[in-house]
Amino acid sequence: MPLHERQVPDLKIKISVNDRAFDVEISAGETLLDLLRRLGFKSVKHGCDTGNCGACTVLLDGRPVASCLILAPQVDGSTILTVEGLAICGKQLHPVQEAFIETGAPQCGFCTPGMIMTAVSLLSENPDPTRDEIRHGIAGNICRCSGYVKVVDAIESAAKKLCDRDAGHDE
Amino acid sequence: MKHFRQFVVAGTVDEAIGLRKTVGAKSLYIAGGTTVVPMARESVEVLIDISHLGLDGISDQDGSISIGATTRLSSLLSPDIKAAVPMLFEALSHCATPLIRNMATLGGSLAGIYLPSDAGVALLALGAELELRGDEERVVTVDDLLAGGWLGGYELIRNVRIPKIGKGQGWGFSKFGRSDIDIALVNVGAVASVTDGSRISELRLAIGQSSSRPVLLTDLAEGTATEAISHDVIRRLADSASERVKVKSDFRASAAYRKHLVSVLAARSILAAAREAGARFED
Ligand SMILES: Cc1cc2nc3c(=O)[nH]c(=O)nc-3n(C[C@H](O)[C@H](O)[C@H](O)COP(=O)(O)OP(=O)(O)OC[C@H]3O[C@@H](n4cnc5c(N)ncnc54)[C@H](O)[C@@H]3O)c2cc1C
Ligand code: FES
Ligand code: FES
């Protein structure tokens, strides 16, 4: 077969989403955003489609990325985490989710799943960020309801929750 | 859903180049995909993935740092790069968003130098060399590559070699866009050598702006080389840089506004570079 007619094997990829293994057929132009929504992960929002808004943020091998800028064939063999996979044992909300609720950070909620995924990654890399570091960390996640103050409050409060939890001080 | 029809994961550099040559204008290399995925023309049908060729990684040689083309921008925001190539670290800290930097590669960022790319303008000022592979291998400075009209048809950037700033040298980088993370309207990188703590003996000033390709000015300091550094000298250097840059008006900004920005950012970068190089002068 001439080189240029080769494709990714059958355009089939294997990925893990929220600890579930998927063996899926894809087309070359399908974005990771399209694929995740097709698989039922509707927390991953379709916003700008150009990498500017962050509504489609997921963790790819642990790092936050804009899934609208990634093609499905690029992620063969990868591990993906969306907000649906955050709750502990599928029941107890993650401390970042709890903090968002308690602080009233979501307004319409469209940006919230992406915001939360970025926050989870930020806090795993920097467990005690300053407000400025939080603002830089979420620079790729835009909220059109303009709720940044409460989002930063929520991430600060989540940092404290995670720290207490890890220190075993949680009730 | 995008319009691409085929996605090929290249196993070797030769295979990637061979494919690109065979398929021609209907194909593009894809590294991080952050430009290709949202921006590729409808005529591009075949993507050739170059991110599994082992072209990523950073090595510290004696006087220089070598960075593989598919190294992600986020991997370059490390304490090691901050220590070895602080201007690149500074440029990348304000380049796009964390989400983009986790996918975007240095090679992809350089390929798009005309944007103007923040990494590209920093590397132009620093005198970085690119190792390229097309029909043959060549090593060429960012400056010479720009002068020759940039990359050839299917040329692949393999590696970037960045000389470290020497003793008596300093750097400055500044950027202005609509927001901290937006593509720059103007960005300016400066590398200055200061003699006796009082004179700028050499100045490399790279100026990027979104209405034409980045330029490198290396002869600016000739006119002021015998003068003691002062805010007046820096002002004159910045103004003459701004006069030499060709700007246009478009929907983003007028030509006059761009000229003004070049002058302001050039002054900031030169001032920072001169201070960093040990210049002593009154405020
Ligand atoms: C929302 C957003 C904001 C941004 N803001 C900024 C900013 O503030 N500052 C800034 O500088 N940039 C900015 N960018 C641009 C970003 O830096 C580039 O998209 C990125 O660096 C491209 O790298 P990539 O690996 O994703 O390239 P790809 O998208 O994979 O490729 C881009 C181009 O480079 C070619 N290419 C890639 N690698 C190579 C190689 N090794 N050799 C030859 N050709 C190659 C490809 O064929 C393609 O034509 C922004 C982008 C987005 C989407
Ligand atoms: S939809 Fe992906 S960044 Fe906006
Ligand atoms: S809560 Fe509405 S966009 Fe953020």
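The values are calculated or read from the model by the stated rules, or taken from the named source; none is laboratory data. Quick caveat: nothing in here was measured; it's all calculated off a predicted structure. Neighbour counts run over all protein chains shown; Cβ positions are idealised from the backbone, glycine included. Ligands, DNA and RNA are stripped out before the accessible areas are found, and what is left, the full protein with its side chains, is counted by its heavy atoms. Shrake-Rupley method; radii C 1.70, N 1.55, O 1.52, S 1.80 Å.
Among residues belonging to region B:91-133 that are surrounded by fewer than 22 Cβ atoms within 10 Å (Cβ to Cβ) and either within 14 Å of chain A (Cβ to nearest Cβ) or near ligand 1 (Cβ under 6 Å from one of its atoms) (or both), point out the one that is farthest from residue B:76 (Cα to Cα).
Step by step, filter region B:91-133, then rank; the result is B:115.
Looking at region A:132-158 only, could you name the residues that are under 28 Å from residue A:69 (Cβ atoms), in contact with a helix residue (DSSP H, G or I) (Cβ under 7 Å, 6 or more places away or on another chain) and part of a helix (DSSP H, G or I)?
Across region A:132-158, the qualifying residues are A:134, A:135, A:137, A:150, A:151, A:152, A:154, A:155, A:158.
Check region A:99-117 and report whether any residue there is open to solvent by 30 Å² or more (accessible area, probe 1.4 Å), within 16 Å of ligand 2 (Cβ to nearest atom), in the same structural domain as residue A:136 (by TED's automatic domain parsing) and in contact (Cβ under 8 Å) with a residue 24 or more places away in the chain.
The answer is yes, given that some residue of region A:99-117 is open to solvent by 30 Å² or more (accessible area, probe 1.4 Å), within 16 Å of ligand 2 (Cβ to nearest atom), in the same structural domain as residue A:136 (by TED's automatic domain parsing) and in contact (Cβ under 8 Å) with a residue 24 or more places away in the chain.
What residue, among those in region A:31-48 that are open to solvent by 10 Å² or more (accessible area, probe 1.4 Å) and within 13 Å of chain B (Cβ to nearest Cβ), is farthest from ligand 3 (Cβ to nearest atom)? Lay out the reasoning, then the answer.
To start, the set of residues in region A:31-48 that are open to solvent by 10 Å² or more (accessible area, probe 1.4 Å) comprises A:34, A:37-43, A:45-48.
Next, only the ones that are within 13 Å of chain B (Cβ to nearest Cβ) stay: A:34, A:37-38, A:46-48.
Working: A:34: 21, A:37: 18, A:38: 23, A:46: 13, A:47: 9, A:48: 12 Å.
Once the filter is applied, the top-ranked residue is A:38.
Step by step: first the residues of region B:55-90, then only those that are more than 11 Å from every other protein chain (Cβ to nearest Cβ), open to solvent by less than 60 Å² (accessible area, probe 1.4 Å) and free of Cβ contacts under 8 Å to residues at least 24 places away in the same chain, then the one that is nearest to residue A:74 (Cα to Cα). Which residue is that?
B:57
Part of a helix (DSSP H, G or I), at pLDDT 95 or above, out of contact with any strand residue (DSSP E or B) (no Cβ under 8 Å at 6 or more places or on another chain) and in the same structural domain as residue B:111 (by TED's automatic domain parsing): does that describe residue B:21? Reasoning before the result, please.
Working: part of a helix (DSSP H, G or I): yes; at pLDDT 95 or above: yes; out of contact with any strand residue (DSSP E or B) (no Cβ under 8 Å at 6 or more places or on another chain): yes; in the same structural domain as residue B:111 (by TED's automatic domain parsing): no.
So residue B:21 fails the test.
One residue is enough: does region A:137-157 have a residue meeting the conditions touching a Pro at 6+ places or on another chain (Cβ under 6 Å) and more than 13 Å from chain B (Cβ to nearest Cβ)?
no
Among the residues of region A:49-76, which ones are assigned to a loop (DSSP other than H, G, I, E, B), away from ligand 1 (no atom under 13 Å from the Cβ) and at the interface with chain B (Cβ under 9 Å from one of its Cβ atoms)?
A:76 - this is the single residue of region A:49-76 that is assigned to a loop (DSSP other than H, G, I, E, B), away from ligand 1 (no atom under 13 Å from the Cβ) and at the interface with chain B (Cβ under 9 Å from one of its Cβ atoms).
Every residue, every condition in (1) over 18 Å from residue A:29 (Cα atoms); (2) touching a strand residue (DSSP E or B) at 6+ places or on another chain (Cβ under 8 Å); (3) at the interface with chain A (Cβ under 9 Å from one of its Cβ atoms), yes or no:
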{"position": "B:1", "(1), (2), (3)": "no, yes, yes"}
{"position": "B:12", "(1), (2), (3)": "yes, no, no"}
{"position": "B:17", "(1), (2), (3)": "yes, yes, no"}
{"position": "B:31", "(1), (2), (3)": "no, yes, no"}
{"position": "B:39", "(1), (2), (3)": "no, no, yes"}
{"position": "B:43", "(1), (2), (3)": "no, no, no"}
{"position": "B:49", "(1), (2), (3)": "no, yes, yes"}
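Within region A:3-19, which residues are at pLDDT 85 or above and under 14 Å from residue A:35 (Cβ atoms)?
Within region A:3-19, the first condition is being at pLDDT 85 or above, and the residues that meet it are A:11-19.
A:11, A:12, A:13, A:14, A:15, A:16, A:17, A:18 - these are the residues of region A:3-19 that are at pLDDT 85 or above and under 14 Å from residue A:35 (Cβ atoms).
Can you find a residue in region A:16-28 that is away from ligand 2 (no atom under 14 Å from the Cβ) and under 17 Å from residue B:36 (Cα atoms)? Step through it out loud before you land on a result.
Start the filter on region A:16-28 by keeping residues that are away from ligand 2 (no atom under 14 Å from the Cβ), which leaves A:16-28.
Keeping just the survivors that are under 17 Å from residue B:36 (Cα atoms) gives A:27-28.
Yes, region A:16-28 contains at least one residue that is away from ligand 2 (no atom under 14 Å from the Cβ) and under 17 Å from residue B:36 (Cα atoms).
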